[in-house]
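Notes for the one structure printed next.
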Amino acid sequence: MTIPTSLNGFYANPLAINTNSTWIIAVIGRDILVAEGSSMANNPFIDSGRAHLLEPFCQRKITLGQWLSRDCEVWELTPEAAVIKGVSLVVLRDLLAVAGEEVFSLACRAVQLLGWQDTHRFCGSCGKPNHTTGKEHAMTCSDCKINNYPRISPCVIVLVTHGDRCLLARNASWAPNRFSALAGFLEAGESAEQALHREVFEEVSVEINNICYIGSQSWPYPGQLMLGFIADAVTQNIKVDGIEIAEANWFRYDQLPESMAPPGIMAGALIKHFVDQATLVYG
Ligand SMILES: [Zn+2]
């Protein structure tokens, strides 16, 4: 099977191609069981040579596609599997903080597909049981035949900047020193740009322009697609909404808060992009 080289070996395919060995993404709850001694960034997943150790604990399997020329599956395991020798349980968020792009995608895909099946067991139209289909990732109603696909919810995340400063906010539920870029879900009917203008104004009363798309990233809590942007502030006076945002401030590129998202996560990537650019201009 040939895939674009730009995908670096990751291919999100609902079908297996029946390779001799497979990669197993072992999930317990929402945490990931990784092979001890493996690289969390490059490939922490379990080789099917050890499948016999996991099999007694396996409750469900879903094909994820291919990774490094092998089929790849998520296995949902019971908590007892965490005691198997040679593996260790990692909190999903900790894995995502250090994962490379493809490992990040596979871990998100594994957790999201399990969660999607769990929450689509019955038809939303007629209430009859749904069942999985073999050809694609769809849950189909046994009666009215409606297909339900994995639900992906687009969100915008934006780092608002003004010269050598950027606007970072603290969510009301976060620890005192944790700040990040502003983010929110798209409303039905909105463009990403409209959502950006609305969210930034709702949360901090700032107006923006010169919106620049930086990139996108899956985020499995439970199924967001984060669309990342940088934008210029037209107004600089901050007035937080006091509900979702507890506190927001302008920070110079070389005086950022200590507790920030790592660059592998979209919020951190936006901040790094800004810091790199600002360092060239103001450094
Ligand atoms: Zn139905």
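Computed from the coordinates by the stated procedures, all read-outs in this text should not be read as laboratory data. Treat the numbers as computed from the prediction; the structure is a model and nothing was measured. Note that we place each Cβ from the backbone using ideal geometry, even for glycine, and neighbour counts take in every protein chain shown.
So here's what we get for this one:
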{"quantity": "Relative contact order of the stretch 153-282, defined on C-alpha pairs under 8 angstrom at six or more residues apart (%)", "calculated": "33"}
{"quantity": "Within the stretch 67-226, percent of DSSP bridges classed antiparallel, to nearest 5", "calculated": "85"}
{"quantity": "For the stretch 1-83, share of DSSP beta bridges that run antiparallel, in % to the nearest 5", "calculated": "75"}
{"quantity": "Relative packing of 111-119, 129-137, which averages over residues the other C-beta atoms within 10 Å, highest first", "calculated": "111-119, 129-137"}
{"quantity": "Rounded FRET efficiency, nearest 0.05, which uses the C-beta distance separating Ile17 from Thr133 and R0 of 25 Å", "calculated": "0.90"}
{"quantity": "Stokes-Einstein D in µm²/s, Kirkwood radius over Cα pairs - the stretch 5-118 at 10 °C with 1.306 mPa s viscosity", "calculated": "115"}
{"quantity": "Share of pairwise Cα separations in the chain, more than 36 Å, in percent", "calculated": "26"}
{"quantity": "Percent RCO, i.e. relative contact order, over the stretch 1-79, from Cα pairs under 8 Å lying at least 6 residues apart", "calculated": "42"}
{"quantity": "Beta bridges per DSSP with both ends in the chain, % antiparallel, nearest 5", "calculated": "75"}
{"quantity": "Mean separation of Cα contacts under 8 Å, 6 or more apart, over the residue count of the chain: relative contact order %", "calculated": "15"}
{"quantity": "Alpha carbon centroid spacing (whole Å) that separates the stretch 205-283 from the stretch 1-69", "calculated": "33"}
{"quantity": "Intensity falloff of the stretch 153-282 expressed as log10 I(q)/I(0), Debye formula with alpha-carbon point scatterers, at q = 0.17, 0.21 Å⁻¹", "calculated": "-0.84, -1.36"}
